[in-house]
Amino acid sequence: MLEIVPYIMIKSFLIIISLNFSLLYGGQLLFVVAPDYNATKGYLELYEDTKKVQEKIEVNLGRNGLAHGLGLYHFDQNGTDPIKHEGDGRGVVGLFELTHVFGYDVALNIHMPYLQATKELICVDESGSAYYNQIIHMPKEPPKSYEIMRRDDEQYRAGVVVNHNGAHKSGRGSCIFLHVYKDKESPTSGCSAMSYEDMQKVVFWLDREKKPLLLQVTQRQKEEAIKLYPFLKKSELWR
């Protein structure tokens with residue numbers, strides 16, 4: 001069973017310094033920016049050791065846009081900002097650890113822990129389940145609601161597990177991934193999706209030794225994102 005490790009959301013000087021150091025010393029950052037909370041598309045840049053290593057990639061976001069998620073860093077919110085909840089059709093704003101690669105192949109020659117997506121491998125999205133927001137092999141008593149990781153389409157042919165809601169808070173959102181899009185114009189149920197070719201670039205680039213992170217924001221988080229990672233000031237994704 002894969003259980004996502006919980007993290008405490010602490011906004012402090014020490015957290016900001018440690019996050020900066022993770023990139024200054026060879027870390028990897030996947031950086032996604034969307035125009036606003038209702039956007040269904042955004043762009044992705046890849047950074048390693050503060051240097052961009054890939055031209056921007058278009059990504060499809062949730063069918064209802066984005067909402068504040070539960071991750072390593074808690075961005076400022078006002079009373080009208082959407083908060084991530086189960087089934088809301090929104091992707092997640094925040095900073096998140098990337099823990100595993102998954103796909104339909106038996107194995108891949110990559111630098112990340114790998115999960116083969118079989119019909120027995122599921123991600124549980126039933127809020128009341130003891131397995132909520134966990135990827136597990138099908139138990140004897142199946143949960144009431146879950147995703148089969150070996151889909152009948154190509155969307156999970158290659159993907160990455162995003163460590164959102166690692167404390168498994170009921171109803172706060174589950175099964176957040178980077179994966180292959182259905183098609184160029186189709187949004188997701190809450191994940192971030194791209195072409196298979198671009199997903200392959202990401203999968204073979206990721207390295208667990210470099211502690212890869214996903215930073216996904218709207219234009220409104222610009223100042224906070226730059227405080228976390230000053231080199232993002234030069235990103236072409238800002239307006």
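The values are calculated or read from the model by the stated rules, or taken from the named source; none is laboratory data. What you see is a predicted model; the values in this text were computed from it and never measured. Glycine gets a Cβ as well: all are built from the backbone with ideal geometry, and neighbour counts include every protein chain shown.
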Exercise for the section: Could you pull out the residue among Leu70, Leu95, Leu115 that is in a strand (DSSP E or B) and within 18 Å of Val33 (Cα to Cα)? Expected result: Leu95
Problem - Selection count where residues are outside any strand (DSSP E or B) and either under 18 Å from Lys56 (Cβ atoms) or touching a residue at least 40 places away in the same chain (Cβ under 8 Å) (or both), scope segment 153-175 - result: 16
Handout entry: Hits in segment 202-211 - residues which are under 16 Å from the mean Cα position of the chain (by Cα), closer than 22 Å to Tyr181 by Cβ and in a helix (DSSP H, G or I)
Key = Val202, Val203, Trp205
Fill in the blank from the handout: Of the candidates Phe31, Phe75, the one satisfying the condition of being aromatic (Phe, Trp, Tyr), closer than 15 Å to Lys201 by Cβ and touching a helix residue (DSSP H, G or I) at 6+ places or on another chain (Cβ under 9 Å) is Phe31
Practice task
Identify the single condition in (1) out of contact with any Leu (no Cβ under 7 Å at 6 or more places or on another chain); (2) at pLDDT 95 or above that Lys169 does not satisfy, given that it satisfies every other one.
Solution key: (1)
Exercise for the section: Considering only residues that are without any contact (Cβ under 8 Å) to a residue 12 or more places away in the chain and among the acidic types (Asp, Glu), look in segment 186-239 and name the one that is farthest from Val161 (Cα to Cα). Expected result: Glu223
Problem - Filter result (more than 15 Å from the chain's Cα centre (by Cα) and surrounded by fewer than 17 Cβ atoms within 10 Å (Cβ to Cβ)) within segment 40-49 - result: Asp49
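Residues checked against (1) among the polar types (S, T, N, Q); (2) closer than 21 Å to Leu115 by Cα; (3) surrounded by 16 or more Cβ atoms within 10 Å (Cβ to Cβ); (4) in contact with a Phe, Trp or Tyr (Cβ under 6 Å, 6 or more places away or on another chain):
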| residue | (1), (2), (3), (4) |
| --- | --- |
| Ala193 | no, yes, yes, yes |
| Glu197 | no, yes, no, no |
| Leu206 | no, yes, yes, no |
| Lys210 | no, yes, yes, no |
| Lys233 | no, no, no, no |
| Leu237 | no, no, yes, yes |
Exercise for the section: May I ask you to list the residues in segment 67-125 that are in contact with a strand residue (DSSP E or B) (Cβ under 8 Å, 6 or more places away or on another chain), of a type in the set (Ser, Thr, Tyr) and free of Cβ contacts under 8 Å to residues at least 40 places away in the same chain? Expected result: Tyr114
Practice task
Would you point out the residue of segment 212-231, among those that are part of a helix (DSSP H, G or I) and under 18 Å from the mean Cα position of the chain (by Cα), that is surrounded by the most Cβ atoms within 10 Å (Cβ to Cβ)?
Solution key: Ala225
Practice task
Go through the residues of segment 166-179 one by one and say whether even a single one is touching a helix residue (DSSP H, G or I) at 6+ places or on another chain (Cβ under 8 Å), of a type in the set (A, V, I, L, M, F, W, C) and closer than 20 Å to Gly87 by Cα.
Solution key: yes
Problem - Hey, Leu178 part of a strand (DSSP E or B), within 17 Å of Leu108 (Cβ to Cβ) and touching a residue at least 60 places away in the same chain (Cβ under 8 Å) or not - result: yes
Fill in the blank from the handout: The condition from (1) of a type outside the set (A, V, I, L, M); (2) modelled with pLDDT under 95; (3) under 21 Å from Arg239 (Cα atoms); (4) surrounded by fewer than 15 Cβ atoms within 10 Å (Cβ to Cβ) that Asp76 misses is numbered (2)
